[in-house]
């Protein structure tokens, strides 16, 4: 079984998503979407390599994968026996743009 580490950037993303749903639809919506995202992340404990790599070439080559809940993508990478969740983004937006600076910092 793999360990899951949700990084601060991803927790911040989840909080922003919850705030958005709270403002638009109320607490039940915010709770449902955050529960859905966290439940999808929990699935990574068993078989994290079973989920697709991100479609952006540079990110895929760096080993980034994604698990999807509705239109939210939890972007992660497996290092040893730990799954690091880097970001949780809206897949309807240009999420590779969010990572360009991040990938440059890693080099």
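The values are calculated or read from the model by the stated rules, or taken from the named source; none is laboratory data. Just so it is clear, the structure is predicted and the values come from calculations on it, not from any experiment. Note that we place each Cβ from the backbone using ideal geometry, even for glycine, and neighbour counts take in every protein chain shown.
Checking residue 44 against (1) under 20 Å from residue 8 (Cβ atoms); (2) touching a strand residue (DSSP E or B) at 6+ places or on another chain (Cβ under 7 Å); (3) at pLDDT below 95, which single condition isn't satisfied?
Failed condition: (3).
Only one of (1) at pLDDT 90 or above; (2) farther than 15 Å from residue 2 by Cα is not met by residue 97, so which one is it?
Of everything listed in (1) at pLDDT 90 or above; (2) farther than 15 Å from residue 2 by Cα, residue 97 misses just condition (1).
Checking residue 9 against (1) touching a residue at least 24 places away in the same chain (Cβ under 8 Å); (2) in contact with a helix residue (DSSP H, G or I) (Cβ under 6 Å, 6 or more places away or on another chain): exactly one of these is not met. Which one?
(2)
Which of the following residues is free of Cβ contacts under 8 Å to residues at least 24 places away in the same chain and either in contact with a strand residue (DSSP E or B) (Cβ under 7 Å, 6 or more places away or on another chain) or within 15 Å of residue 87 (Cβ to Cβ) (or both): 56, 15, 3?
When all the criteria are applied, what remains is 15.
Out of curiosity, is residue 103 modelled with pLDDT under 95 and either part of a helix (DSSP H, G or I) or in contact with a helix residue (DSSP H, G or I) (Cβ under 9 Å, 6 or more places away or on another chain) (or both)?
yes
Yes/no matrix, rows are residues, columns are (1) crowded, with 16+ Cβ neighbours inside 10 Å; (2) farther than 15 Å from residue 88 by Cβ; (3) free of Cβ contacts under 8 Å to residues at least 60 places away in the same chain:
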{"position": "33", "(1), (2), (3)": "yes, no, yes"}
{"position": "39", "(1), (2), (3)": "no, no, yes"}
{"position": "44", "(1), (2), (3)": "yes, no, yes"}
{"position": "69", "(1), (2), (3)": "yes, no, yes"}
{"position": "74", "(1), (2), (3)": "yes, no, no"}
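Check 64, 76 and return the single one that is over 16 Å from residue 3 (Cα atoms), touching a helix residue (DSSP H, G or I) at 6+ places or on another chain (Cβ under 9 Å) and at pLDDT 90 or above. So that I can check it myself, show each step before the final result.
Details: 76 fails: over 16 Å from residue 3 (Cα atoms).
Every option except 64 fails the conditions.
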